[in-house]
Amino acid sequence: MSEFPTDAFADVLAANERYTESFSSEELTGTARKGLAIVTCMDSRVVPLSIVGMQVGDVKILRNAGARVTDDVLRTLVLATHLLGVNRVLVMPHTNCKMASASVDEIHETLTGAAGMDTRSLDIAVVPDQVAALRNDLIRIRAFPYLPEDLAVGGAIYDVFTGELQPVAG
């Protein structure tokens, strides 16, 4: 077993030490106080709680490259809806997303150049048409048999340049 790489994470550990000085659990539980789950991208420009005006403990946040509804997202939503108080889901991709601005081949070429290895065995879910992909993901959630029939499901594209959420019918 290798030791924790303290030097590589010194800034993280120092920030956490400062964080703990004023930390309060506010009697948080594992449930989503506002009943909301957000499926969004891993992009650091996307700050889900701030975007929707909520606080720690209000929302379950599921992130991946491109904000796609994958099998793992569906599995997590089953747990969130049946065990953690989620009764609505917002799928929230964003503008200026790398997954929406490159082809699968281009991403694999970039990865090969950066990592020096062939990554074509990885399933990279690019999004050539964000609105169409979002609509398909909304359908995927609504049709999933293990999710409640009355689950409210919506989609909106977050604009990283204006901060605006743009609802998408679907």
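The values are calculated or read from the model by the stated rules, or taken from the named source; none is laboratory data. Treat the numbers as computed from the prediction; the structure is a model and nothing was measured. Cβ coordinates were reconstructed from backbone atoms using ideal geometry, including for glycine residues, and neighbour counts include every protein chain displayed. The accessibility values were calculated without ligands, DNA or RNA, using every heavy atom of the protein model including side chains. Shrake-Rupley method; radii C 1.70, N 1.55, O 1.52, S 1.80 Å.
Here's the yes/no breakdown for (1) open to solvent by 90 Å² or more (accessible area, probe 1.4 Å); (2) touching a strand residue (DSSP E or B) at 6+ places or on another chain (Cβ under 8 Å):
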site: 127; (1), (2): no, no
site: 144; (1), (2): no, no
site: 149; (1), (2): yes, no
site: 154; (1), (2): no, yes
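For the range 43-89, residues that are among the acidic types (Asp, Glu) and modelled with pLDDT under 95 total 0. When we screen 86, 73 for residues that are open to solvent by less than 30 Å² (accessible area, probe 1.4 Å), out of contact with any helix residue (DSSP H, G or I) (no Cβ under 7 Å at 6 or more places or on another chain) and either among the β-branched types (Val, Ile, Thr) or assigned to a loop (DSSP other than H, G, I, E, B) (or both), the only hit is 73.
Pairing residues of the range 41-57 that are under 24 Å from residue 126 (Cβ atoms) with residues that are open to solvent by 90 Å² or more (accessible area, probe 1.4 Å), at Cβ distances under 6 Å and at least 6 apart in sequence or on separate chains, gives 42/63.
Residue 65 meets all of the listed conditions (1) under 12 Å from the mean Cα position of the chain (by Cα); (2) open to solvent by less than 30 Å² (accessible area, probe 1.4 Å); (3) hydrophobic (A, V, I, L, M, F, W, C) but one, namely (2). In the range 29-49 there is at least one residue that is outside any loop (DSSP other than H, G, I, E, B) and open to solvent by 40 Å² or more (accessible area, probe 1.4 Å).
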